[in-house]
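Following: one structure in structure tokens, then a few remarks.
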Amino acid sequence: MRTITQKKTWAVILTVLATFATLSTQAADVKTFPANDNGITYTGRVAINADGSVSYDWTGVYFQTDFTGGYFAIEASEAGTSWHNLFIDGKWVRKLQITGNNPQRIVLAEKLGKGVHRLRLQKCTEGQYGCTTIHQVVTAKGATLQAVESKQRMIEVYGDSYTCGYGTESSKANDPFRLETENCDKAYGCIIARYFDADYALTAHSGQGMVRNWADGKQISDINMSTRYTRVFDDHGTQPYLFNRYQPQLVIINLGTNDFSPVAIPTDEQYTNAYLKMIETIKNKYQGVKIFCVTPHSASRYLQASLQLLKERVASIPDVHMANPLTDMVTVEHDMGADWHPNYQGQRKIAMSLIPQISAIMGWSLTDKVVE
């Protein structure tokens, strides 16, 4: 009996030693960087934590890096659930889900060819469902990270579910909402940014209005986009945003559908006064910015009347422009996804209508590029 016990003990010891040796070898083959390393570029609103991790929840936030070594992983945790788009060398690779409060290693690239590769990871679902924290980046031993320079053009979009890409990957208007079919990258804001080769930031939350949220019984909701847009986080903190992470040349505002949803609609003055305050804040924070105010394709007559009042009141404000209406632009038969929201085709139609107007406002030339 004693001999058998000793053999078992030695077997356990050898197994532990072998495991330790394997882990040591793996550790020796990789290199770690803090998430806030200078070789990583974040675009959008993020919080840099004391331990070097980076947290964000707004839809559309993305990080980029040019890396060598052929292997790239992140250690990430999630408050809720978020989906991200992964791009390598400019090509979409896959959509991945991040969930779980404990940090986990997620391999994004491996066995790539020699040389420098560009990686971009974009959060494509919105903050009310999840907040992502990148704790560190893991690469092959000897690998390098190089920050990606910002593009010459920068666009920021303030909006609601249309901007978030709610239902863009759904095929029918009566489909129920599912988080995995939400993809801001297929919504008009990102489509426009791609067309003009611009960086972008999305400050958007489904169901939110300028002053009133979808079907709220109050004319003024307790928390609306007029409160959210001033914060670092959409739904996971209230610390104020300093408007210092990026400097857009163009800000697009597309808010109002939810304000004038059924029941207790706000007055024209309540809506337009909040809109004017947002415009004033944006112009004070971003010197020289041009602001483009969109009339949603689904605008009710109440919203149209309020936007007409807004048009009169901004007429004397420099660099504030009103978009042409998008009436009958999006059809139920072909252009709708979940819950009667524009699918990818509907979003492309919206973008194709706005692009010529943006070209005129900004002096950005039209090209032969496909709107996609």
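The values are calculated or read from the model by the stated rules, or taken from the named source; none is laboratory data. The shown structure was predicted, so the numbers you read here are calculated from the model rather than taken from an experiment. Note: ideal-geometry Cβ built from the backbone for every residue, glycine included; neighbour counts use all protein chains shown. Keep in mind that these areas ignore ligands, DNA and RNA; they rest on the heavy atoms of the full protein, side chains included. Shrake-Rupley method; radii C 1.70, N 1.55, O 1.52, S 1.80 Å.
So what are the ³J(HN,Hα) numbers for region 296-303, from phi and the Karplus equation (6.51, -1.76, 1.60; θ = phi - 60°), rounded to whole Hz, Gly and Pro as x?
Using θ = phi - 60°, the values come out as x, 4, 9, 4, 6, 5, 5, 5 Hz.
What does the C-alpha gyration tensor say about the overall shape of region 47-194? Classify as rounded when a/c is under 1.5, otherwise prolate if a/b is larger than b/c, or oblate.
prolate
Report relative contact order for the chain in percent, whole number only (criteria: Cα-Cα under 8 Å, sequence separation at least 6).
In percent, rounded to a whole number, it is 16.
How many angstrom lie between the C-alpha centres of region 193-219 and region 299-372?
Going from one Cα centre to the other spans 14 Å.
For the chain, with every protein chain kept in place, what is the accessible area per residue (1.4 Å probe, Å²)?
46 Å²
Which whole-number percentage describes the relative contact order of region 316-372, with Cα contacts under 8 Å and a sequence gap of 6 or more?
27 percent
Taking all protein chains in place and a 1.4 Å probe, what share, in percent, of the accessible surface of the chain do carbon and sulfur account for?
Reported share for carbon and sulfur atoms: 53 percent.
Which whole number in µm²/s is D for region 94-166 by Stokes-Einstein, with the Kirkwood Rh taken over Cα pairs at 37 °C and 0.692 mPa s?
207 µm²/s
For the chain, would you read off the P(r) tail past 34 Å as a percentage of all alpha carbon pairs?
The calculated P(r) of the chain puts 32 percent of pairs beyond 34 Å.
Do any GluC sites (Glu not before Pro) in region 77-156 lie in a loop, going by DSSP, with at most 15 other beta-carbon atoms within 10 Å of their beta carbon, and if so which?
Passing both the DSSP loop test and the Cβ count: Glu110, Glu149.
Determine ³J(HN,Hα), in whole Hz, for all residues of region 120-137 in sequence, where each value follows from phi through the Karplus function 6.51 cos²θ - 1.76 cosθ + 1.60 and θ = phi - 60°; x replaces Gly and Pro.
10, 10, 10, 6, 10, 10, 9, x, 5, 9, x, 10, 9, 10, 8, 8, 7, 10
Cα centroid distance between region 121-186 and region 25-65, in Å?
That distance is 15 Å.
Ranking request for peptides 184-196, 333-345, 262-274: highest mean number of other beta-carbon atoms within 10 Å first, then the rest in descending order.
Per-residue Cβ counts within 10 Å, averaged per peptide and sorted highest first, yield 184-196, 333-345, 262-274.
At 222 nm, what value in deg cm²/dmol follows for the chain if DSSP H runs of at least 4 each add -39500 (n - 2.57) and the sum is divided by all its residues, to the nearest 500?
It lands at -8000 deg cm²/dmol.
Around Cys131, which amide H atoms from residues at least 5 apart in sequence, or from another chain, sit under 5 Å from its own amide H, with H modelled in the peptide plane?
Ala79, Gly80, Thr81
Choose one answer from Gln357, Gln97, Gln152: the residue with the largest mean-square fluctuation in a GNM of the chain with alpha-carbon springs under 10 Å.
It is Gln152.
Taking only Cα atoms, what is the 0 to 90° angle, nearest 10, from helix 344-362's long axis to the longest principal axis of the chain?
Roughly 70 degrees, rounded to the nearest 10.
Under 5 Å between amide H atoms, partner at least 5 residues away or on a different chain: which partners does Lys31 have, H built in plane at 1.01 Å?
Thr139, Ala140, Lys141
Can you tell me the convex hull volume per residue for region 119-220, based on C-alpha atoms, in Å³ to the nearest whole number?
149 Å³
Considering the Cα trace of region 193-328, what is its radius of gyration and what is Dmax, both in angstroms?
14.7, 42
Could you tell me the largest-minus-smallest coordinate of the C-alpha atoms of region 261-342 on each of the three principal axes, in descending order and whole angstroms?
Projected onto the principal axes, the Cα atoms of region 261-342 cover 42, 28, 20 Å.
So what's the angle, to the nearest 10 degrees on a 0 to 90 scale, between helix 2-28 and the longest Cα principal axis of the chain?
Computed tilt is about 50 degrees.
Sorted by packing (mean other beta-carbon atoms within 10 Å per residue), highest first, where do 232-245, 157-170 land?
Averaged packing, sorted descending, gives the order 157-170, 232-245.
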